[in-house]
Each structure stands twice: as structure tokens, then as C-alpha cells.
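S.K.: Below is one structure. I have some questions about it.
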Amino acid sequence: METEIPKLKLWFDIKHRRMNIAMINRLSEIKSFTCEERYLNLINKHPEIFQRAPLQYIASYLDMEPQSLSRLRKRISDKYLPRRFLTKVKSGF
């Protein structure tokens with residue numbers, strides 16, 4: 001089939017190359033980034049994923065336990081959105 005349709009072979013080669021590069025990037029991200037960095041990267045790259053996938057699958061993708069992801073999410077929300085701001089917002093309504 002590859003000899004019959006050269007454009008199809010080219011398409012498969014490009015697709016295969018991109019897949020390999022994505023896999024190498026993913027593995028290097030897991031090895032070199034902290035859990036927090038991986039989480040923040042995922043939020044920046046694919047913010048919609050948190051509406052579509054259960055947190056247990058997201059935790060698995062980030063190579064952490066679901067409980068660890070929960071603690072990380074709380075710590076990050078406390079860091080970037082302090083409690084005093086939340087109480088002001090709640091009392092304003």
C-alpha cells in the first residue's frame with residue numbers, strides 16, 4: 001500500500017515522527033519537572049481537561065496519586081487566590 005500511495009506513506013511517517021517527539025517530551029517532562037510544574041503546564045496547555053476528565057485520570061497522567069493532586073490543587077489555590085480574598089467575595093453577595 002505504501003508503494004501504491006506515496007502521499008499516504010509520507011502522512012504516516014510525519015504522524016509517527018510527531019508521536020515519537022510527543023512521547024519523548026512527555027517522558028522528559030515527567031522526569032525533570034516537579035508535580036506542581038507538571039500541573040501548571042497542564043492547566044496552561046489544556047485548561048478544558050479539568051471539565052472533561054475525572055481527577056483520578058488527571059492525577060494518573062501527572063504521575064501522582066489522586067490524594068496528592070487534591071492537596072496540590074488546594075495549595076495552589078491558596079497560593080494564587082488567598083483566603084482573605086475569598087471571604088471578601090463571599091460577603092459581598
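S.K.: Mind telling me which of the residues PRO47, PRO82 ends up being closer than 24 Å to SER28 by Cβ and modelled with pLDDT under 95? Can you show your working first?
M.R.: On the way: PRO82 fails: closer than 24 Å to SER28 by Cβ.
Result of the check over PRO47, PRO82: PRO47.
S.K.: Could you please let me know if PHE50 is hydrophobic (A, V, I, L, M, F, W, C) and not assigned by TED's automatic domain parsing to the domain that holds TYR80?
M.R.: Against the criterion (hydrophobic (A, V, I, L, M, F, W, C) and not assigned by TED's automatic domain parsing to the domain that holds TYR80), PHE50 does not qualify.
S.K.: Does segment 12-46 hold any residues that are over 11 Å from the mean Cα position of the chain (by Cα) and hydroxyl-bearing (Ser, Thr, Tyr), and which are they?
M.R.: The answer is SER28, SER32, THR34.
The values are calculated or read from the model by the stated rules, or taken from the named source; none is laboratory data. As the structure is a computational prediction, the values presented were derived from the model and not from experiment. In this analysis, Cβ positions are derived from the backbone assuming ideal geometry, glycine residues included, and neighbour counts consider all displayed protein chains.
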